[in-house]
1. Determine the sum of side-chain charges near A:PHE91: Lys and Arg each +1, Asp and Glu each -1, restricted to other residues whose C-beta is under 14 angstrom from that of A:PHE91.
2. Under unit Cβ charges (Lys, Arg +1; Asp, Glu -1), what dipole magnitude, rounded to 20 debye, does the protein assembly as shown have relative to its Cα centre?
3. What's the buried accessible area, both sides, between A and B using a 1.4 Å probe, rounded to 100 Å²?
4. Give the residue from B:PRO7, B:TYR46, B:MET59 lying farthest towards the positive end of the charge dipole for chain B; charges sit on Cβ (+1 for Lys and Arg, -1 for Asp and Glu) and the dipole is referred to the Cα centre.
5. Can you count the Lys pairs in chain A with C-alpha separation below 25 Å, eight or more apart or on different chains?
6. For A:THR5 and B:GLU66, what is the calculated FRET efficiency with R₀ set at 45 Å and r taken between the beta-carbons, to the nearest 0.05?
7. If you count, for every residue in A:40-47, the Cβ atoms of partner chains within 10 Å of its Cβ, what is the mean?
8. Quick check for me: using +1 on Lys/Arg Cβ and -1 on Asp/Glu Cβ, what's the dipole size of chain A about its Cα centre, in debye to the nearest 20?
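The values are calculated or read from the model by the stated rules, or taken from the named source; none is laboratory data. Keep in mind that what you see is a predicted model, and the values were worked out from it rather than measured. Using ideal geometry, Cβ is built from the backbone for each residue, glycine included, and neighbour counts are taken over all protein chains shown. All accessible areas refer to the heavy atoms of the entire protein, side chains included, with ligands and DNA or RNA removed. Shrake-Rupley method; radii C 1.70, N 1.55, O 1.52, S 1.80 Å.
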Amino acid sequence: EAGVTQFPSHSVIEKGQTVTLRCDPISGHDNLYWYRRVMGKEIKFLLHFVKESKQDESGMPNNRFLAERTGGTYSTLKVQPAELEDSGVYFCASSQGWGRGTNEKLFFGSGTQLSVL
Amino acid sequence: DAKTTQPNSMESNEEEPVHLPCNHSTISGTDYIHWYRQLPSQGPEYVIHGLTSNVNNRMASLAIAEDRKSSTLILHRATLRDAAVYYCILRSGGSYIPTFGRGTSLIVHP
């Protein structure tokens with residue numbers, strides 16, 4: 001069974017440009033999460049989808065970030081326009097069932113390393 | 001939200017047992033204790049979880065204190081591949097989003 005896949009694995013862009021990150025969760029997983037790690041900091045939650053609906057986007061830093069999950073399958077995270085402080089590793093995770101399962105496992109992708117110059 | 005406290009780093013020798021501690025003194029009765037680890041250049045990986053009883057799986061064991069205010073992740077025989085950052089996370093119905101702290105960086109010496 002395929003795991004969570006993310007692409008690109010690396011992206012280098014200039015300040016002011018737009019970047020779109022994609023995440024394909026494990027097939028059948030209703031829950032999809034986005035996290036990011038900025039250099040030297042902890043892994044921080046960004047948002048959570050249940051199927052195509054945003055359940056919690058309290059971690060989104062500002063309105064330059066837009067996440068979508070078309071048809072409840074793959075998700076995209078767009079940063080427009082990108083700023084220097086957006087550099088970091090963006091992780092996607094998925095899990096089965098409805099979001100409030102406190103004993104369910106999250107499966108993570110390998111992340112997208114975003115560098116904004 | 002209930003928080004966890006872990007040592008910043010620990011060291012071990014290969015093929016020796018490793019006990020990674022986690023304090024969670026404000027844990028509530030419905031909080032599950034989860035452990036994840038992050039190998040270099042990879043996303044976090046689920047290790048184990050439990051509620052009250054000790055748990056074993058192919059990767060590790062989880063020992064939970066009787067008062068549930070602390071837990072210990074046990075790697076029975078550390079390998080070089082176990083060098084990673086280990087995160088102890090509480091998941092509750094009120095705050096079900098897994099929240100990562102700084103974790104414990106495990107260094108394994110050959």
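1. Numbers: positive: A:ARG22, A:ARG36, A:ARG37, A:LYS41, A:LYS44, B:ARG37; negative: A:ASP24, A:GLU42, B:GLU45.
Charge balance in the 14 Å sphere: +3.
2. That gives the protein assembly as shown a dipole magnitude of about 260 debye.
3. Numbers: alone 6640 and 6370 Å², together 11100 Å².
In total, this chain pair buries about 1900 Å².
4. B:TYR46
5. 12
6. Result of the calculation: an efficiency of 0.60.
7. Mean shielding by partner chains, rounded to a whole number: 3.
8. On the way: 13 positive and 13 negative charges, 21 e Å.
That gives chain A a dipole magnitude of about 100 debye.
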